[in-house]
1. Any idea which of (1) more than 24 Å from GLY136 (Cβ to Cβ); (2) hydrophobic (A, V, I, L, M, F, W, C); (3) crowded, with 21+ Cβ neighbours inside 10 Å is the one LEU42 doesn't satisfy?
2. Is there a residue being closer than 18 Å to MET58 by Cα and either of a type outside the set (Ser, Thr, Tyr) or in contact with a helix residue (DSSP H, G or I) (Cβ under 9 Å, 6 or more places away or on another chain) (or both) anywhere in segment 121-131?
3. Give me the strands (runs of 3 or more DSSP E) completely within segment 85-170, filtered to those with at least 1 residues that are in contact with a Lys or Arg (Cβ under 8 Å, 6 or more places away or on another chain), ordered by residue number.
4. I'd like the residue in segment 165-196 that is among the polar types (S, T, N, Q) and closer than 21 Å to LYS124 by Cα and, out of all such residues, is surrounded by the most Cβ atoms within 10 Å (Cβ to Cβ).
5. Somewhere in segment 134-150, is a residue among the β-branched types (Val, Ile, Thr), over 29 Å from ARG50 (Cα atoms), touching an Asp or Glu at 6+ places or on another chain (Cβ under 8 Å) and surrounded by fewer than 19 Cβ atoms within 10 Å (Cβ to Cβ)?
6. I'm checking my understanding of the structure. Among residues of segment 70-84 that are of a type outside the set (A, V, I, L, M, F, W, C) and assigned to a helix (DSSP H, G or I), which one is surrounded by the most Cβ atoms within 10 Å (Cβ to Cβ)?
7. Taking the condition of being within 15 Å of the chain's Cα centre (by Cα) and surrounded by fewer than 17 Cβ atoms within 10 Å (Cβ to Cβ), how many residues in segment 45-57 meet it?
8. Is it fair to say VAL182 is at negative phi, in contact (Cβ under 8 Å) with a residue 12 or more places away in the chain and not small (Gly, Ala, Ser)?
Amino acid sequence: MKRTGVRKAADDAAQKKDGRMAKSSAGFNAQSEIPSASVARLATYLHVLRSLSESGAMVVSSGQLATAAGVNPAILRKDLSHVGSGGVRGVGYDVGRLIARIALALGVEHNHNVVLAGAGHLGKALLGRVGFERRGIKIVAMFDADPELVGTTITAAEGELAVRALDEIGDICQEHGVEIAVLATSDADAQATCDAFVEAGVHQILNFTALAPSVPEHVYVRPVDFALELQVMAFNAARRHNADSAVVPREQRSSGRAPRSGAKTRARSDQRSVGV
């Protein structure tokens, strides 16, 4: 939603609120106290807000933002409370200011160099994903264990990358100050590759393999299993189907017609006779 006088009202109220927050939140580390579930949703809000900003919107209500992000407004407001949202009751959120606050909390204002291991179909698809750099992510190198792939060039969304051998992980990670890695190798190569990442100083690993690699306590591994996610969705679909079937009378399911009114009357009479 575009603003005129509403913009001034939002600015004035937000500036007053900013002043109060500055006194009470000095030294506050926005990233340290945010639950991981909120972090994931904040990333979604940031994506939505940037799209709104590009379309010319300057103020957005919590209801509008929640709908666009696919969450409950109450959850959205709770998530935004972690970043000092500066929202104004009856007016909404300043889009530009909220983008800046979420970006600060998520560390997007800093660029993070990332490496990716696995030059197969999945690795290539990840490299082709548009939008990493605007989120503060830059993939600086790609590795693979296959000698036939080493030295080949992969076209990425932000340019081209040469596939490097796994034994180059240490030098590349140290050269670029890499702390985050993506593991998309074969399961057979996953542990050795993960070990090389850890030895190179990587402490955040996004794992697309089926293996749960063994890592030191200070290293965080986040698994991404497409098959598992689909299995969860299949379970939810089956549960919904079973719930829908449970509320439809058997006679109606078999014949496709609603039960006769007399059948309903007899059912109610039967219930009364047994004290239901």
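The values are calculated or read from the model by the stated rules, or taken from the named source; none is laboratory data. Remember, it's a predicted structure, so these values are computed and weren't measured experimentally. Glycine gets a Cβ as well: all are built from the backbone with ideal geometry, and neighbour counts include every protein chain shown.
1. (1)
2. Initial filter on segment 121-131 (closer than 18 Å to MET58 by Cα): none.
Looking for residues that are closer than 18 Å to MET58 by Cα and either of a type outside the set (Ser, Thr, Tyr) or in contact with a helix residue (DSSP H, G or I) (Cβ under 9 Å, 6 or more places away or on another chain) (or both), one finds none in segment 121-131, hence no.
3. Values: elements: 112-117, 137-144, 153-156, 159-165.
It comes to 112-117, 137-144, 153-156.
4. Applying the first criterion (among the polar types (S, T, N, Q)) to segment 165-196 yields 174, 185-186, 191, 193.
Applying the additional criterion that residues be closer than 21 Å to LYS124 by Cα yields 185-186, 191, 193.
On the way: THR185: 28, SER186: 15, GLN191: 17, THR193: 24.
Result: THR185.
5. Scanning segment 134-150, I find at least one residue that is among the β-branched types (Val, Ile, Thr), over 29 Å from ARG50 (Cα atoms), touching an Asp or Glu at 6+ places or on another chain (Cβ under 8 Å) and surrounded by fewer than 19 Cβ atoms within 10 Å (Cβ to Cβ), so the answer is yes.
6. ASP79
7. Residues in segment 45-57 being within 15 Å of the chain's Cα centre (by Cα) and surrounded by fewer than 17 Cβ atoms within 10 Å (Cβ to Cβ): 1 in total.
8. yes
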